[in-house]
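Have a look at the structure below, then the notes.
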Amino acid sequence: MSTAIAERPTLERLTDADWRPSATTTIMSWTAALSAQIRPHRALRYPFAGGEIIVTIPDSSPPWVVPTIERLGGLLALEQGWDSYGSPCIDPRYVGAAVRLILDAMQDDTPVPSVVPTSRGGVQLEWHTRGIDLEVEFVSPYRLRVFWQDQRTGQVSETEVIQDLRPLTMALATLSHPR
Amino acid sequence: MADTQRILPDFTNPPVVEVALSLQFDPIKNLRTPQIGLLWNEFKKDFPQTEEHPPLEPVFERFGVAPKPGRPNVQLQILEAPPIPRCWFLNSAETELIQVQPDRFIHNWRKRQGDEDYPRYETLRKTLQMELERFQSFVDRENLGTLSPNQCEVTYVNHIMLPEGNHHGHLNRILAPVSLQSTDTFLSETEEAKVALRYVITNEAGSPIGRLHVVAEPAFRIRDGQPMYVLTLTARGGPSGSSIEDALQFMDIGREWVVRGFAAVTTIEMHRTWGRKT
């Protein structure tokens, strides 16, 4: 059992200076709990001008994790004019957002997507399989345009997604387990 | 503008000490430290003091992403050098604050000591609207990018001094959903309790548009060491469109959830203490 000084959150409010949290915690720090440990298998590192993206992958990951992250990270190596039309380098924030999204939304058995750089320096993920076309374009790091076409039923939809990811997760579920 | 005049719970002496209205938007890539310095000129007359703080991480209320049992944890770090700070513009009395970073604009107001009146929401909203319009004009004039709101936050911070003879184990005297009852008699009285609750905010169609977070944290007042609870209610969610007016409309919804939520989670006993009027 440990006693620790409770940490103050990042100073965000004017009245934060008027109080202090109750000074002790009585649970073991999560960093000392075996069950909370992340035992990394490897760290994937993707440098870019002025920074680096680091993704730490544990031993067991779904089969799409490493190849998809490798493809996304590889986009950061593209130089300005990579498409011979003067397109900018790929913005690392888009790459980071795409990594976060696939880890949050994809299922263990989701097929590996195609990773496509866009001429605006962004990222698009695409699936064209089993009669289904799913394209996810990052309009900004936090704003997605999801295009869905089911060639079996003729169903087509296009929607912008910010916080409600249900259209995307439903599409991914269908992609993983087509009826 | 939404109907902000609907009758909401009202108190003669509410424990609110601070209100913050926050707009989060897609990062404005060219809004870097020098440009934030230029922006200060727009507000310098009323906010003559500055401070720099670490930037806040973007926060989203996500729906449709369920935790995946067995999914390995993956850590992702994006290291950028140098990070752009969150700049504070403070008024002389240090009762009002504008916080700016490439993806946030926040206005905080705090109650002055001994002043029982706090700015009413309608006043704060109007001020924020003028500031956001000024900010948008600046972004347009300097060709910095586009202001595209993606999340809005309404936060009310309440300092609740514990009733006479009570301590941090008596949170059930303040919050109605907390019973602090044990199944048997093994445990003695609770020494301390802290609580975090969250509720889904829905629109008229029943679709989720955000969440109300209620956090009660045991604390001590710095000036006299008195035990207290810091009860923070934050309503966060996405605006229905990408205009400032759309963002303000979510703020109206968020404010209503905070005010109604505050009355709903606090006890009748505390309502009497604060003089509930409606």
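The values are calculated or read from the model by the stated rules, or taken from the named source; none is laboratory data. Computed from a prediction, not measured in an experiment: that's the story for all the values here. Cβ sites come from the backbone with ideal geometry, for glycine too, and all protein chains shown count toward neighbours.
Things worth noting here:
- Selection count where residues are under 20 Å from A:Arg42 (Cα atoms), out of contact with any Phe, Trp or Tyr (no Cβ under 9 Å at 6 or more places or on another chain) and not aliphatic (A, V, I, L, M), scope the stretch A:71-103: 3
- Counted residues, the stretch B:10-30 - those being away from chain A (no Cβ under 13 Å) and modelled with pLDDT under 95: 5
- For the stretch A:129-148, a residue qualifies if it is among the small types (Gly, Ala, Ser) and more than 14 Å from chain B (Cβ to nearest Cβ), and exactly one does: A:Gly131.
- First in the stretch A:92-103 and within 13 Å of A:Gly121 (Cβ to Cβ) and within 10 Å of chain B (Cβ to nearest Cβ), second anywhere and among the hydrophobic types (A, V, I, L, M, F, W, C) and assigned to a helix (DSSP H, G or I), Cβ under 8 Å, 6 or more apart: A:Pro92/A:Leu76; A:Val95/A:Leu72; A:Val95/A:Leu75; A:Val95/A:Leu76
- Neighbours by Cβ (under 6 Å, 6+ apart or cross-chain): first from the stretch B:136-161, in a loop (DSSP other than H, G, I, E, B); second crowded, with 21+ Cβ neighbours inside 10 Å: B:Leu144/B:Leu31; B:Leu147/B:Phe25; B:Ser148/B:Phe25; B:Ser148/B:Asp26
- Counted residues, the stretch B:91-111 - those being within 24 Å of B:Leu147 (Cβ to Cβ) and either basic (Lys, Arg) or part of a strand (DSSP E or B) (or both): 12
- In summary, B:Glu96 fulfils each of the numbered conditions (1) more than 7 Å from every other protein chain (Cβ to nearest Cβ); (2) within 21 Å of A:Val95 (Cβ to Cβ); (3) at pLDDT 65 or above with the single exception of condition (2).
- The stretch B:169-192, residues that are within 30 Å of B:Glu61 (Cα to Cα), crowded, with 18+ Cβ neighbours inside 10 Å and within 14 Å of chain A (Cβ to nearest Cβ): B:Leu171
- Taking (1) within 11 Å of chain A (Cβ to nearest Cβ); (2) buried (at least 20 other Cβ atoms within 10 Å of the Cβ) in turn, B:Ile222 satisfies each apart from (2).
- Qualifying residue in the stretch B:118-140 (condition: more than 14 Å from chain A (Cβ to nearest Cβ), modelled with pLDDT under 95 and exposed (fewer than 12 other Cβ atoms within 10 Å of the Cβ)): yes
- Condition met for A:Ser140 (among the polar types (S, T, N, Q), out of contact with any Ser or Thr (no Cβ under 9 Å at 6 or more places or on another chain) and free of Cβ contacts under 8 Å to residues at least 60 places away in the same chain): no
- The stretch B:185-278 holds strands (runs of 3 or more DSSP E) entirely within its bounds, and those carrying 1 or more residues that are out of contact with any helix residue (DSSP H, G or I) (no Cβ under 6 Å at 6 or more places or on another chain) and without any contact (Cβ under 8 Å) to a residue 40 or more places away in the chain map to B:195-202, B:208-221.
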